[in-house]
Amino acid sequence: MIDSHTHTKYSKHATGSVTELIEAAISNGIRILTITDHAPFLIDKDNRLLESEVDSYAKDVLLAQQSYKGEIKILYGMEFDYSPLHSSYVEKLIRNLDLDFAIGSIHYIETANGRVNNWDIGKLNTKEYCELYFESLEELIDTKLFNSIGHVDSILRGGISEQYFWNYLKNLIPKIKGVDLSYEVNCSGIFKSMICQKTGGHINNKAAFPNFNVIKKLVDLGVDFTIGSDAHKPEHVGRGIKDTTKELQGIGVNSLCYYEKGEKNKVNIRELCQ
Ligand SMILES: [Zn+2]
Ligand SMILES: [Zn+2]
């Protein structure tokens, strides 16, 4: 199995050292693991690497890459926040790092009524939020700084319809393909609640994302995919990936990608489903 989205205690709201994450990944059957702690970002210091910690993070990951050689492939990544307000900061940061893999995610949107976080799921269903979200996403794509776009469909937790979401996303597909960006299939949504469109209440037993109907449309349009558990503790590494991979195969996905030194590698999905 491949897991291209995982966090360690460097992300502060996550637990486990780099070594603990890797040991759990080996036990859980992962062969290619990318560690993607949250990159420094100006508006938050409590849930991510600080600039002063980047060297030690890199050292931990790169040392582990050597010491676990032959047992598991370890790749050095980060999950970046993108906001049009801070694009030059992100660009400078990313250009100074020699990453295998960079995920671009949108966790914060500045609306007229203040900041809406991606996990404030009661506030993700407004037209203003969705418009700003997809405007930011378009800019993120245009920067060409990233290899994959993280958990785009996570905003479906807010209870907007699949069709409403697709009406925005479909306009960006030519750009996504144009810059050869992968779309992340993020398995963490299987274990998260969502808002019910009809009642406005929370539903726990339904995964808002990954959304396979959207993914199916992307497959037909020739978009590539990465996959990740988005584990925030060692025992969650690889969680949901096996079943999701089978489901992806069922809807026509032929391969999943991982990145090494920024280069895309495709693995046949049949090899991953054995
Ligand atoms: Zn994220
Ligand atoms: Zn993450």
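Results, tabulated for the structure shown:
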| quantity | calculated |
| --- | --- |
| Yes/no for residue 14 being within 13 Å of residue 232 (Cα to Cα), aliphatic (A, V, I, L, M) and surrounded by fewer than 23 Cβ atoms within 10 Å (Cβ to Cβ) | yes |
| All positions within the stretch 117-160 that are part of a helix (DSSP H, G or I), under 13 Å from residue 186 (Cβ atoms) and either open to solvent by less than 10 Å² (accessible area, probe 1.4 Å) or away from ligand 1 (no atom under 14 Å from the Cβ) (or both) | 152, 153, 154, 155, 156 |
| Scope the stretch 190-243; condition among the aliphatic types (A, V, I, L, M), assigned to a loop (DSSP other than H, G, I, E, B) and either open to solvent by 70 Å² or more (accessible area, probe 1.4 Å) or at pLDDT 90 or above (or both); matching residues | 208, 221, 223, 237 |
| Failed condition for residue 125, given (1) out of contact with any Leu (no Cβ under 9 Å at 6 or more places or on another chain); (2) at pLDDT 95 or above | (2) |
| Residues satisfying the stated conditions in the stretch 1-41, i.e. within 28 Å of residue 269 (Cα to Cα), in a loop (DSSP other than H, G, I, E, B), of a type outside the set (Val, Ile, Thr) and under 18 Å from the mean Cα position of the chain (by Cα) | 1, 4, 5, 7 |
| Of the criteria (1) within 14 Å of ligand 2 (Cβ to nearest atom); (2) under 28 Å from residue 179 (Cα atoms), which one residue 21 fails | (2) |
| Meets criteria (without any contact (Cβ under 8 Å) to a residue 60 or more places away in the chain, in a helix (DSSP H, G or I), closer than 19 Å to residue 226 by Cβ and not small (Gly, Ala, Ser)) for residue 94 | yes |
| Enumeration of residues in the stretch 107-116 that are open to solvent by less than 60 Å² (accessible area, probe 1.4 Å), away from ligand 1 (no atom under 14 Å from the Cβ) and under 21 Å from residue 39 (Cβ atoms) | 116 |
| Qualifying residue in the stretch 102-113 (condition: within 16 Å of ligand 2 (Cβ to nearest atom), in contact with a strand residue (DSSP E or B) (Cβ under 6 Å, 6 or more places away or on another chain) and assigned to a loop (DSSP other than H, G, I, E, B)) | yes |
| Unmet requirement for residue 182, which otherwise passes all of (1) crowded, with 16+ Cβ neighbours inside 10 Å; (2) within 16 Å of ligand 1 (Cβ to nearest atom); (3) in contact (Cβ under 8 Å) with a residue 40 or more places away in the chain; (4) farther than 20 Å from residue 262 by Cβ | (4) |
| Given (1) within 28 Å of residue 48 (Cα to Cα); (2) open to solvent by 70 Å² or more (accessible area, probe 1.4 Å), index of the condition residue 170 fails | (1) |
| Selection count where residues are away from ligand 1 (no atom under 16 Å from the Cβ) and open to solvent by less than 10 Å² (accessible area, probe 1.4 Å), scope the stretch 19-53 | 5 |
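The values are calculated or read from the model by the stated rules, or taken from the named source; none is laboratory data. If you're wondering where the values come from, they're calculated on a predicted model, not measured in any experiment. Every residue, glycine as well, gets a Cβ built from its backbone with ideal geometry; the counts of neighbours run over all protein chains shown. Note: accessible area is taken over every heavy atom of the protein model, side chains too, but ligands, DNA and RNA are not part of it. Shrake-Rupley method; radii C 1.70, N 1.55, O 1.52, S 1.80 Å.
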